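The structure appears below as structure tokens.
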Amino acid sequence: MGKIISIKNNKGGVGKTFFTAQLASGLAYLEKKVLILTSDSQNNLFNFLYDGPKQFKNGLKEEVKNGTGEYFRLRDNLFFLPLEDNKFSNQFLKDLPKFLEKCKKEYDYILIDSTPVLKLDKVFLNESNDIVIIGFADEVTIEGMVNLLNEIDIKKVLSIVINKFKPTLVQTKYYQILKNDLKDLNINFPEPIQNLSFIEQILDKKKTIWEYNNKEAQAVQNVLLEIIKILEKR
């Protein structure tokens, strides 16, 4: 059976989609069959990994209802099922867990680019095997991540990753605060992903971090590989 992993933060703009794209691509390069889902009908995943036409009529909702959703192949072994809109019927929410169970029989990993769309996000989190929380090293975001840990099943939290980190006095302070808060918990806390202009360049080219071999790319790869190794053991 495959595993469902939610990439989560209740705050927008912290890099959930970037991280989802890179983690999914890494798993796919390891010859795992991967599906990406999203709870955001903007479907920003297209902008990270897909260079073709983004138009579609039927997505996740239609796939759950009739099995006629349009899947997009992003890379070898990597697929994306976009979301039509953020209007969800009770029947859709009821049928979604059955669909996810079906996906677990077909895919090794189902990654969810999770946004706080309340009813849908609740289903995704309930069905997830693991949760990865992404955030910044600032006071507001750190408080939000700590609050999130109190709202969800903490046993599912595999890792907390700091993104776009700058080693300033302020960011270093909040990074250490979070590190101290996590020291007695069984949650992976890797080295932060640095704020690199290089990452902007690869995203603009719709490449992945795995398609480069410079020091900056390798540093991000190491963070992702640390998480992948834990995933494979769980």
**Study point:** Formal net charge of residues neighbouring K33 (Cβ-Cβ distance under 13 Å; K, R +1; D, E -1)
**Key:** +2
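Give, rounded to the nearest 20 debye, the magnitude of the charge dipole that the chain has about its Cα centre when Lys and Arg contribute +1 at Cβ and Asp and Glu contribute -1 at Cβ.
Charge dipole, the chain, about its Cα centre: 280 debye, nearest 20.
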Check your understanding: For the chain, what is the calculated [θ] at 222 nm in deg cm²/dmol (nearest 500), taking -39500 (n - 2.57) for each run of four or more DSSP H residues and dividing by its residue count?
Key -> -14000 deg cm²/dmol
Review point. Within a Cβ distance under 15 Å of I177, other residues only, what is the Lys/Arg minus Asp/Glu net charge?
Key: -2
Revision key, fill the gap. From the Cα centre of region 218-233 to that of region 79-154, the distance in Å is 21 Å
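Need the full-extension length gain, N195 to K179, defined as separation in residues times 0.36 nm minus the C-alpha distance. One decimal, nm.
3.9 nm
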Point to revise | Global geometry of region 1-108, whether rounded, prolate or oblate, following the gyration tensor of its Cα atoms and the 1.5 cut on a/c | key: rounded
Review point. With the Cα gyration tensor of region 100-234 giving a ≥ b ≥ c as the square roots of its eigenvalues, does the rule (a/c under 1.5 for rounded; else a/b larger than b/c for prolate; else oblate) give rounded, prolate or oblate?
Key: oblate
Exercise for review: Measure nothing but the geometry: give the 0 to 90° angle between the long axis through the Cα atoms of 16-29 and the longest principal axis through the Cα atoms of the chain, rounded to 10°.
Suggested key: 80 degrees
Review point. Taking the Cα atoms only, what angle lies between the long axis of helix 139-151 and the longest principal axis of the chain, rounded to 10 degrees?
Key: 50 degrees
Revision key, fill the gap. Using a 1.4 Å probe on heavy atoms of the protein chains only, the accessible area for Y212 in Å², nearest 10, reads 60 Å²
Review point. Taking only Cα atoms, what is the 0 to 90° angle, nearest 10, from helix 169-182's long axis to the longest principal axis of the chain?
Key: 70 degrees
Revision key, fill the gap. Subtracting the Cα-Cα distance of K87 and Y212 from 0.36 nm times their residue separation yields 41.1 nm
Practice item. Could you tell me which of the pairs K105/K179; K119/K206; K164/K207 are separated by over 27 angstrom between their Cα atoms in the structure shown? Key: K105/K179; K119/K206
Practice item. Can you find, among I162, L178, I152, the residue farthest towards the positive end of the dipole of region 119-234? Put +1 on the C-beta of Lys and Arg, -1 on that of Asp and Glu. Key: I162
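The values are calculated or read from the model by the stated rules, or taken from the named source; none is laboratory data. Since this is a predicted model, take the numbers as computed values, not measurements. As a convention, Cβ positions derive from the backbone with ideal geometry for all residues, glycine included, and neighbour counts pool all protein chains shown. Remember, those area values only see protein heavy atoms, side chains included, never the ligands or the DNA or RNA. Shrake-Rupley method; radii C 1.70, N 1.55, O 1.52, S 1.80 Å.
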